[in-house]
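What follows draws every value from the coordinates through simple rules; no lab data is involved. Worth saying up front: this structure is predicted, and the values here are computed from it rather than measured. Here the Cβ is made from the backbone with ideal geometry for all residues, glycine too, and neighbour counts use every protein chain on show.
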Amino acid sequence: MISERQALEIAERIENADNIDIKETIEKAATAGYLGEKHFYCTVIEDGGFTHTVPEILGDRYKSIPMDNLYYDIISKALDHDGIYISLAYSSPYIRLPEEDCSEVYEYDEYESDFSEMEEEDLYLMEYGLITSEEGKIFRIYAEEGISGHEPTEDVGIMVNIINGEYKAYFALRSTDRCMSSFMVLPFNNEYPKEHPLSFKNPINRMLIEMIDKVIILKSQ
């Protein structure tokens with residue numbers, strides 16, 4: 001797994017990349033299939049961090065639509081306002097991935113308490129399935145570590161917009177719950193401790209960042 005420093009280096013490189021192929025990245029992400037309809041892989045951000053799917057913008061949030069010229073015209077216009085969010089990875093303790101189908105099985109163990117009072121077999125081992133359009137990984141961690149993972153109603157990706165003529169991209173989490181009408185995008189931050197679900201120090205996020213870096217498509221020079 002990459003270090004915190006490496007995660008921040010990737011974040012800095014992505015932030016200043018002006019050659020991200022938005023269309024190709026969205027279409028590649030949509031092949032992952034874990035969000036169902038393809039149009040959910042990219043949502044338009046409004047003021048306050050809430051997002052809307054293109055079907056919502058067109059007046060029917062439940063309608064399945066093609067990712068055609070109209071779709072990408074709306075996405076392109078949104079880049080010049082509050083931006084877009086592209087979902088690129090998903091992690092959940094409710095996903096069970098076969099080990100033989102995964103590129104990595106990682107067991108995180110930095111438990112700092114004294115095992116003399118708590119035997120290892122008494123600890124609660126959690127397993128997260130992490131997936132992108134290219135690969136799947138398994139992340140195992142003791143619940144006693146206090147590291148926050150992600151819920152089934154959350155996914156991780158990048159928020160992108162154009163600021164003063166320059167593309168800017170940031171790692172973020174998109175979250176909702178079953179009683180909300182919209183997703184909300186929350187950017188990652190290095191000021192949070194490693195236990196926080198939006199922290200660059202969080203080991204689950206570091207693994208996701210490494211995976212996401214491989215699925216972002218850049219324009220050929």
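Length available on full extension from I162 to D101: 0.36 nm per residue minus the Cα-Cα distance, which gives 18.2 nm. When L198, L208, L35 are sorted by how many other C-beta atoms sit within 10 angstrom of their C-beta, beginning with the fewest, the order is L35, L198, L208.
Where the only charges are on Cβ atoms (+1 Lys, Arg; -1 Asp, Glu), what is the dipole of the chain about its Cα centre, to the nearest 20 debye? Spell out each step's value before the answer.
Working: 19 positive and 45 negative charges, 266 e Å.
Charge dipole, the chain, about its Cα centre: 1280 debye, nearest 20.
Taking neighbour Cβ counts within 10 Å as the exposure measure, how do F139, F50 sort from fewest upward? Please list the in-between numbers first.
Numbers: F139 24, F50 17.
Result, fewest neighbours first: F50, F139.
Once the C-beta distance of K63 and E24 is scaled by a Förster radius of 22 Å, the resulting FRET efficiency is 0.35 to the nearest 0.05. Sorting V215, V105 by the number of Cβ atoms found within 10 Å of their own Cβ, with the fewest placed first, yields V105, V215. Fully extending the segment from E46 to E144, taken as 0.36 nm per residue of separation minus the present Cα-Cα distance, adds 31.5 nm.
Under 11 Å from a label point 7 Å along Cα→Cβ of E151: give me every residue in segment 127-141 with its amide N that close. From segment 127-141, the list is empty. Estimated purely from DSSP H runs of n ≥ 4, each contributing -39500 (n - 2.57), the mean residue ellipticity at 222 nm for the chain is -6000 deg cm²/dmol once divided by its residues.
How high is the FRET efficiency between I217 and L125 when r is their beta carbon distance and R₀ equals 25 Å, given to the nearest 0.05? According to the calculation, E is roughly 0.10.
Assuming R0 = 22 Å, can you tell me the calculated FRET efficiency for the pair D80 and L186, based on Cβ-Cβ distance, to the nearest 0.05? FRET efficiency, D80 to L186: 0.50.
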